[in-house]
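**Student:** Below you'll find the structure I mean.
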Amino acid sequence: MPSILDGLNTAKLALSAQQYAMSVAQRNTVNVYNPGYTRQDVIFTDLTVPSTWAAGGIPGVELWAIRNRYLDQSINYELPALGENIVKYSALREIDAILQGTGGGGLGTSIAEFFNSFTELSSNPTDSALRWQVISRAETMVNDFHRIYANIQRVQTSANQHIVSGVEDVNRLTAKIADLNGRIESAVNSGHKETEYALRDERQQYMEELQGKIGLIYFETESGSFTVTTAHGDALVLGKKSYDLTFDTSNNPDSPGDDLYLGDKNITSTVNASGEITVLLSGEIGGYFQVRDVLIPGYLNALDEMAAKIIDDVNDAQAAGWDLSGATGAVFFSSIDNPPSSGNWENPARNMKIEITNANQIAARANGADIGDNTNLEKFINIFTDPALSIFDASDLTLSEAYASLLYTVGSDQKVAQETGENQQNVLGQLLGQRNAESSVSLNDEAVNLIKFQQAYQANSRIVSVLNVLSSEILNFVG
């Protein structure tokens with residue numbers, strides 16, 4: 001039969017339980033604006049069951065974090081695509097501005113004006129001003145090629161630098177996750193739920209930051225640790241140990257930047273039989289690799305194709321005619337790195353230069369024709385409308401069409417990155433909204449909880465008072 005002392009002990013435990021519940025409500029309230037905090041709830045269980053788990057050493061009280069691991073994983077697996085497309089959109093917007101030029105001009109305009117200058121010269125092939133206009137416009141076109149090529153390469157170099165800093169962040173984050181794995185295991189084994197939940201919140205934030213940097217796979221083991229791997233199963237975090245990513249250029253010395261390695265395995269990309277590169281990574285780092293190794297090389301190759309056609313065809317037209325002095329053989333364009341006679345135009349858009357130094361050297365007349373003849377200029381003029389270029393899987397393009405195709409491709413790539421990023425933001429917004437509705441702190445709910453637990457505490461205090469009076473009366477009666 002229960003005694004008054006049993007009642008006092010039960011009331012004491014109830015007071016402790018209500019006091020603990022109020023401390024949890026207060027902790028929730030303090031963290032209401034902490035986006036990484038998961039709301040905690042107190043569950044009261046049967047005090048008479050000896051095996052009931054004790055929160056904070058108080059029997060009959062269980063502490064739960066309102067964490068939805070499915071939503072956590074869903075959010076984590078959407079973050080890499082968002083990070084990748086934000087990076088690509090930013091870089092492509094910069095490249096688009098470089099190609100468009102200022103004031104509505106750009107390389108397309110300077111190419112057109114260069115070949116238009118031959119049309120203007122054909123009206124008076126001996127006019128010195130018109131001849132120097134050809135040279136001047138050639139210089140403008142060459143400078144535009146150089147400027148655009150260099151600026152796009154600058155974006156490429158910047159992407160490589162972002163990869164370097166991103167890898168440092170990844171190694172820092174994986175080390176933190178591995179450290180938290182060990183601390184969470186210790187908290188689980190010792191039954192310190194408050195510490196465990198705080199550490200899990202911290203690890204979740206690091207995991208989401210990591211996923212934005214580089215797309216990975218992760219799962220939780222029975223011990224509470226996260227195992228983190230690449231999409232191909234290579235481990236970055238195993239229990240308390242993390243494995244750093246490193247750079248190595250030994251296998252790809254011609255790359256614009258380093259390849260990414262985990263141990264001795266290249267995890268950057270694969271190359272098929274046709275030479276097409278497939279980047280194996282996602283997240284911001286994957287986006288920068290896409291910009292550096294796939295998108296920009298394609299754009300630069302298109303510029304090189306255009307420059308090579310101009311160099312070769314203009315030189316052929318120049319060789320087919322006579323200049324004002326009746327001479328022939330003067331080379332109009334060449335490459336900075338190669339002699340005029342080599343015909344080897346490595347990165348011609350970056351290296352092309354004007355070889356003729358005198359406007360009189362422009363071969364306007366046909367071989368053997370009179371000095372005022374303009375027949376050979378037709379060969380120069382026809383270069384602009386010659387459908388002989390092939391870029392971006394499109395063939396039979398003129399120079400103007402090829403440049404328009406380059407602009408379209410960059411704009412299209414930019415639009416895809418923008419729309420994909422916006423879609424990812426919408427999906428993430430919905431997932432975050434669901435998680436917040438389930439796991440975030442509501443000040444209204446916590447205010448109600450505080451009132452509820454305070455009233456319960458006061459009720460148990462009255463029980464203690466009543467039992468205390470009863471015990472005193474019994475003692476006085478016995479005495």
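The values are calculated or read from the model by the stated rules, or taken from the named source; none is laboratory data. For clarity, every value in this text was computed on a predicted model and none was experimentally measured. Ideal geometry is used to build each Cβ from the backbone, glycine not excepted, and the neighbour counts take in all protein chains shown.
**Student:** Going by the structure shown, is ASP96 within 24 Å of ARG292 (Cβ to Cβ), assigned to a helix (DSSP H, G or I), out of contact with any Pro (no Cβ under 6 Å at 6 or more places or on another chain) and among the acidic types (Asp, Glu)?
**Tutor:** yes
**Student:** Given SER440, SER395, which one is within 29 Å of the chain's Cα centre (by Cα) and either buried (at least 16 other Cβ atoms within 10 Å of the Cβ) or without any contact (Cβ under 8 Å) to a residue 60 or more places away in the chain (or both)?
**Tutor:** That would be SER440, the only listed residue that is within 29 Å of the chain's Cα centre (by Cα) and either buried (at least 16 other Cβ atoms within 10 Å of the Cβ) or without any contact (Cβ under 8 Å) to a residue 60 or more places away in the chain (or both).
**Student:** Could you look through segment 199-222, keep only residues that are part of a loop (DSSP other than H, G, I, E, B) and under 18 Å from the mean Cα position of the chain (by Cα), and pick out the one that is surrounded by the most Cβ atoms within 10 Å (Cβ to Cβ)?
**Tutor:** Going through the qualifying residues, I end up with ILE214.
**Student:** Restricting to segment 68-105, give me the number of residues that are surrounded by 18 or more Cβ atoms within 10 Å (Cβ to Cβ) and under 22 Å from GLU305 (Cβ atoms).
**Tutor:** Qualifying residue count for the region: 5.
**Student:** So for segment 361-369 (the condition being touching a Ser or Thr at 6+ places or on another chain (Cβ under 7 Å), without any contact (Cβ under 8 Å) to a residue 60 or more places away in the chain, among the polar types (S, T, N, Q) and outside any loop (DSSP other than H, G, I, E, B)), does at least one residue qualify?
**Tutor:** Looking for residues that are touching a Ser or Thr at 6+ places or on another chain (Cβ under 7 Å), without any contact (Cβ under 8 Å) to a residue 60 or more places away in the chain, among the polar types (S, T, N, Q) and outside any loop (DSSP other than H, G, I, E, B), one finds none in segment 361-369, hence no.
**Student:** Given the residues GLU284, GLU305, which is the only one that is more than 20 Å from the chain's Cα centre (by Cα), assigned to a helix (DSSP H, G or I) and either over 21 Å from PHE392 (Cα atoms) or touching a residue at least 12 places away in the same chain (Cβ under 8 Å) (or both)?
**Tutor:** Among GLU284, GLU305, only GLU305 is more than 20 Å from the chain's Cα centre (by Cα), assigned to a helix (DSSP H, G or I) and either over 21 Å from PHE392 (Cα atoms) or touching a residue at least 12 places away in the same chain (Cβ under 8 Å) (or both).
**Student:** Something else: For the condition in contact with an Asp or Glu (Cβ under 7 Å, 6 or more places away or on another chain) and either without any contact (Cβ under 8 Å) to a residue 40 or more places away in the chain or among the hydrophobic types (A, V, I, L, M, F, W, C) (or both), what is the one hit in LEU216, LEU199, LEU173? Steps first, answer last, please.
**Tutor:** Working: LEU216 fails: in contact with an Asp or Glu (Cβ under 7 Å, 6 or more places away or on another chain); LEU199 fails: in contact with an Asp or Glu (Cβ under 7 Å, 6 or more places away or on another chain).
On inspection, the qualifying residue turns out to be LEU173.
**Student:** Got at least one residue in segment 223-242 being modelled with pLDDT under 90, loosely packed, with under 13 Cβ neighbours inside 10 Å and either out of contact with any helix residue (DSSP H, G or I) (no Cβ under 6 Å at 6 or more places or on another chain) or assigned by TED's automatic domain parsing to the domain that holds ALA25 (or both)?
**Tutor:** Scanning segment 223-242 turns up at least one residue that is modelled with pLDDT under 90, loosely packed, with under 13 Cβ neighbours inside 10 Å and either out of contact with any helix residue (DSSP H, G or I) (no Cβ under 6 Å at 6 or more places or on another chain) or assigned by TED's automatic domain parsing to the domain that holds ALA25 (or both).
**Student:** How many of the residues making up segment 287-314 are in contact with a strand residue (DSSP E or B) (Cβ under 6 Å, 6 or more places away or on another chain), over 20 Å from LEU389 (Cα atoms) and surrounded by 19 or more Cβ atoms within 10 Å (Cβ to Cβ)?
**Tutor:** Of the residues in segment 287-314, 3 are in contact with a strand residue (DSSP E or B) (Cβ under 6 Å, 6 or more places away or on another chain), over 20 Å from LEU389 (Cα atoms) and surrounded by 19 or more Cβ atoms within 10 Å (Cβ to Cβ).
**Student:** Identify, from the list VAL164, VAL142, VAL155, the residue that is in a helix (DSSP H, G or I) and closer than 30 Å to THR119 by Cβ.
**Tutor:** VAL142
**Student:** Take the residues of segment 404-427 that are surrounded by fewer than 19 Cβ atoms within 10 Å (Cβ to Cβ) and among the acidic types (Asp, Glu): which is farthest from ILE111 (Cα to Cα)?
**Tutor:** Filtering first and then ranking leaves GLU422.
**Student:** Taking the conditions exactly as written (farther than 30 Å from GLY298 by Cβ, assigned to a helix (DSSP H, G or I) and aliphatic (A, V, I, L, M)), does LEU121 satisfy them or not?
**Tutor:** Yes; evaluated as a whole, the condition is true for this residue.
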